[in-house]
Amino acid sequence: MKIDKHAYKVVDGFKKSLTKEQKKALTSENFEELQILIEAAIGSTAELALHTVAKDIEKLAKKTRKKAKFIDELEE
């Protein structure tokens, strides 16, 4: 996923939801700041999700090693 492109789409969708009066009150700088905040939020969430998955894989690998050791002991 391209985080910057996704953030741009979110901001674009937000712009479309605004009235003309609301759009006049906001500058392109405001929308750029919003996009940066969205990118940071997506990046942080993705990082946390990947970290959680990595931890789950580590637990699974540990369980697999224990089961493999048990099978090896049965074969002896």
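Please work out which residue is nearest to Asp4 (Cα to Cα), limiting yourself to the range 22-61 and to residues that are over 26 Å from the mean Cα position of the chain (by Cα) and part of a helix (DSSP H, G or I). Can you show your working first?
Step one: list which residues in the range 22-61 are over 26 Å from the mean Cα position of the chain (by Cα), which gives 22-27.
If we keep only those that are part of a helix (DSSP H, G or I) as well, we get 22-25.
Working: Gln22: 24, Lys23: 22, Lys24: 24, Ala25: 24 Å.
Ranking the qualifying residues of the range 22-61, first place goes to Lys23.
Pairs please, first residue from the range 39-52 and in contact (Cβ under 8 Å) with a residue 12 or more places away in the chain, second anywhere and in a helix (DSSP H, G or I), Cβ atoms under 7 Å, 6+ apart in sequence or on different chains.
Note: pairs meeting the criteria are Glu39/Ile3; Glu39/Asp4; Glu39/Ala7; Ile42/Ile3; Ile42/His6; Ile42/Ala7; Gly43/Ile3.
So, in the range 28-76, of the ones that are of a type in the set (S, T, N, Q) and within 25 Å of Phe14 (Cα to Cα), which residue ends up surrounded by the fewest Cβ atoms within 10 Å (Cβ to Cβ)?
Ser28
Quick note: the coordinates plus some simple rules give every number you see, no bench work behind them. None of these values were measured; they are calculated from a predicted model. Every residue, glycine among them, receives a Cβ derived from its backbone with ideal geometry; neighbour counts consider all protein chains shown.
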